[in-house]
1. Which residues, counting only those in the range 181-208, are surrounded by fewer than 16 Cβ atoms within 10 Å (Cβ to Cβ) and assigned to a helix (DSSP H, G or I)?
2. Filter the range 159-172 down to the residues that are of a type in the set (D, E, K, R), in contact (Cβ under 8 Å) with a residue 24 or more places away in the chain and touching a strand residue (DSSP E or B) at 6+ places or on another chain (Cβ under 9 Å) and list them by number.
3. In the range 1-89, which helices (runs of 4 or more DSSP H) lie fully inside it and hold 2 or more residues that are over 20 Å from GLY118 (Cβ atoms) and modelled with pLDDT of 80 or more?
4. Answer yes or no as to whether GLU139 is surrounded by fewer than 20 Cβ atoms within 10 Å (Cβ to Cβ), of a type in the set (Asp, Glu) and part of a helix (DSSP H, G or I).
5. Evaluate the range 212-235: report whether one residue or more is in the same structural domain as SER341 (by TED's automatic domain parsing), charged (D, E, K, R), assigned to a loop (DSSP other than H, G, I, E, B) and over 20 Å from the mean Cα position of the chain (by Cα).
6. Checking the structure you have, find out if any residue of the range 128-138 is touching a residue at least 12 places away in the same chain (Cβ under 8 Å) and under 28 Å from LEU216 (Cα atoms).
7. Regarding ASN311, is this residue modelled with pLDDT of 90 or more and either in contact with a helix residue (DSSP H, G or I) (Cβ under 9 Å, 6 or more places away or on another chain) or of a type in the set (A, V, I, L, M) (or both)?
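The values are calculated or read from the model by the stated rules, or taken from the named source; none is laboratory data. All figures in this text were calculated on a predicted structure; none of them were measured in a lab. Here the Cβ is made from the backbone with ideal geometry for all residues, glycine too, and neighbour counts use every protein chain on show.
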Amino acid sequence: MDTGNESQKKISWVKWDYVCYSKEKGGLRVSDLRRKNWALLGKWWYWFGDGVESLWKWIVKEKYYGGKWEEVDITAVGNWRTSKIWRDIISIGGRSMRLRNMLVEGFKWDVGEGNQVGFWRERWIGNKTLRDLCPRLFELSTNKACNISDMGVWEGDKWCWKVEWRRARIGREKDEEEVLWEVLDSFPLKKGVEDCWRWIHDSDGSYGVKKAYDFLAPTKRVLEEQLCKLIWCKLVPSKVFFFGWRLCLDRLPTKWNITKRGVHLQEEELICVLCNDMVEEANHLFSMCKEAWILWVEVLQWWGMVTIMPNNALGVVDIFVNDLGRIIGKEMGACIFLVVSWYLWYWRNGKVFNNGNNIRGRLMDMVQAKSFF
């Protein structure tokens, strides 16, 4: 988010990532198109691995995998013959650990009879394929492209594994064989049950673009939970809670914030225009400024409340939402805080830009009138 006109260098006030955060974490929940695109591309991973045959899968397998299914290699972005579309699809799993967790490690077969799942080449036991777990045995296998159901027979309701080798095992191959049998014996197949391709990050196993988009969202918070509830107060217009959002992030264009972003001001120009005493920054303007302090006290007295005012804006938030909120309700307390803050800023802008226009005598009346939108 930035301000300025086309002929001037713009000031960036809030990181775009913060704007795209969910409201619960302190953002505005504006769609992040890059994250949305990743979630959409992930749908192709889900479709390609679900075991359902279709023409487009057959074409991809013939063109890139020699007619056989190979698990997508996130490090292989293809050569000059690989289409850009397919290159984009298979490469996203390696762009971040979050994407890798969502796609490469996020899909898993829930094996039933094993008719659709590759024995060696697909991940169906843990996070590794048997080819990676037992590479020497994979080379000895007589059928490297087989499905699980090809590697044994049903004897009544019991599944018996029958793995064939090109020759007897020697040396380390015997160690791998012990590992293989230990794994297979702990994984019985389920007769009469179809194999199911699942996305492990959803309880029902289905991949959805919205679910993936939310999964890729940052885990940290921009604002604490209490401030998030304050900002999205339903009793005020959108311009007011948007203003409150910037206030809580300390992203309002106060004189101090402007200087931190490279705009040079003389020392005397940094002084607060309301009290003409201290440097104008958010904590001063919305709490410590003597003119603001008088207004806050008047508003609290309006509701019959007397307290010690804190020396920071977030402390004022706590008084209105929690202390005053016990009397009139937290949402109403948040509403009054936002209205008073809005008119303090309105008063400040009037003095800065309108040649000292003073509305101090009418501020309390304006707050009382606008506290009930």
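1. TRP181, GLU182, VAL183, ASP185
2. Pass one, the range 159-172, residues of a type in the set (D, E, K, R): 162, 164, 166-167, 169, 172.
With the extra rule that they be in contact (Cβ under 8 Å) with a residue 24 or more places away in the chain, the set shrinks to 166-167, 169, 172.
ARG166, the sole residue that qualifies.
3. Working: elements: 16-20, 33-49, 55-64.
Passing ranges, in order: 16-20, 33-49.
4. Yes, satisfied.
5. Among the residues of the range 212-235, at least one is in the same structural domain as SER341 (by TED's automatic domain parsing), charged (D, E, K, R), assigned to a loop (DSSP other than H, G, I, E, B) and over 20 Å from the mean Cα position of the chain (by Cα), which makes the answer yes.
6. There is at least one residue in the range 128-138 that is touching a residue at least 12 places away in the same chain (Cβ under 8 Å) and under 28 Å from LEU216 (Cα atoms).
7. So ASN311 does not fit the description; no.
Condition check ((1) charged (D, E, K, R); (2) in contact (Cβ under 8 Å) with a residue 60 or more places away in the chain) across all residues:
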position	(1), (2)
GLU298	yes, yes
GLY329	no, no
MET364	no, yes
GLN368	no, yes
SER371	no, no
